[in-house]
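Right, one structure below, let's go through it.
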Amino acid sequence: MDYLIKGVILHWTASSYNLTPNVLKHYNFVIDQFAKVHDGLHPLAHQTPPLNSGKYAAHTRRHNSYQAGIGLLGMHGAKEKPFSYGKYPITAIQFMAAVKLTATICIDHGITVTPQTVLTHAEVQDNLGIKQRGKWDITNLPWNSSIIGATAVGSHYRNLVRVEMDRRLTKPTQSPWAALFSAIAAKFGGKKT
């Protein structure tokens, strides 16, 4: 790889479920409501400086260098107060697809999962000190009303990414039954009766 990615920022697109060129130009990856991952118009390699206007995914104000932007398709018409998901809520399978994609990016680029490296757009201002003009994606999960707020959603996201990374990186141990059957086969397999 001749480019460097240091972090992942998760967004919702604030659009309908229609995948448009405008949505694709703002994110490196867009995940639709059925969990299908679509490549954005700008690959991850374009996030490496110098960033040329119109030639990279401009997903986060003043924080696009070395950052992968993942957009969950949906949330058009959502309102923060009083909270409403609108007609196009993000889905649990979309979120889990983002977790798996984030784990892949982190493994491929050696990214340690922290609140500064893997976060939602709603956390950028607090976690990194970069003003974001009131961005609140993602602060609520339509399928889990017990996880509310930028920090809670971000922590949940990071925990799931860590679990997915551990699952992939941990060498599975051999079942004791498999070891027993292998030993029996080795002992008796070659003898004729």
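I need the shape label for region 47-169. Rule: rounded when a/c is under 1.5, else prolate if a/b > b/c, else oblate, with a, b, c from the alpha carbon gyration tensor.
Numbers: a/c = 1.66, a/b = 1.14, b/c = 1.45.
Here region 47-169 falls in the oblate category.
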Worksheet entry | Whole-number percent relative contact order across region 67-155, with pairs defined as alpha carbons under 8 Å at least 6 apart | 21 percent
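Treating only the Cβ atoms of Lys and Arg (+1) and Asp and Glu (-1) as charged, compute the dipole magnitude of the chain about its Cα centre; round to the nearest 20 debye.
Numbers: 21 positive and 10 negative charges, 77 e Å.
In total the dipole reaches around 380 debye.
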Response to the item:
Sorted by chain and number, the residues with a modelled amide H under 5 Å from that of Ile31, at a separation of 5 or more or across chains, are His38, Gly71, Leu72, Leu73
Item to complete: Using only Cα atoms, tell me the angle between helix 150-169 and the longest principal axis of the chain; keep it within 0 to 90° and round to the nearest 10.
Response: 30 degrees
Fill in: Formal net charge of residues neighbouring Ile90 (Cβ-Cβ distance under 11 Å; K, R +1; D, E -1)
-2
Item to complete: Report ³J(HN,Hα) in whole Hz for each residue of region 20-31, in order, from the Karplus equation J = 6.51 cos²θ - 1.76 cosθ + 1.60 where θ = phi - 60°; Gly and Pro get x.
Response: 10, x, 5, 5, 5, 6, 8, 10, 6, 9, 10, 10
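Which of the peptides 105-111, 52-58 is most tightly packed, and how do the rest follow, going by the mean number of other Cβ atoms within 10 Å of each residue? Please list the in-between numbers first.
Numbers: 105-111: 16.3, 52-58: 14.4.
Highest to lowest by the protection proxy: 105-111, 52-58.
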Discussion item. Considering only C-alpha atoms, what is the centroid distance from region 139-153 to region 1-15, in Å?
Written reply: 21 Å
Fill in: Amide H partners (placed H, <5 Å) of Val118, local residues excluded
Val8
Discussion item. Taking the alpha-carbon distance from Lys25 and a cut-off under 16 Å, which aspartates and glutamates remain once sequence neighbours fewer than 8 residues away in the same chain are dropped?
Written reply: Asp39
Worksheet entry | Relative contact order of region 7-188, pairs being alpha-carbon contacts under 8 Å that are 6 or more residues apart, as % | 22 percent
Response to the item:
Whole-Å distance linking the alpha carbon centroid of region 41-73 with that of region 76-101 is 22 Å
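The numbers here are math on the coordinates, done by the rules we state, and not lab data. Quantities reported herein were computed from a predicted structural model and do not represent experimental measurements. Note: ideal-geometry Cβ built from the backbone for every residue, glycine included; neighbour counts use all protein chains shown.
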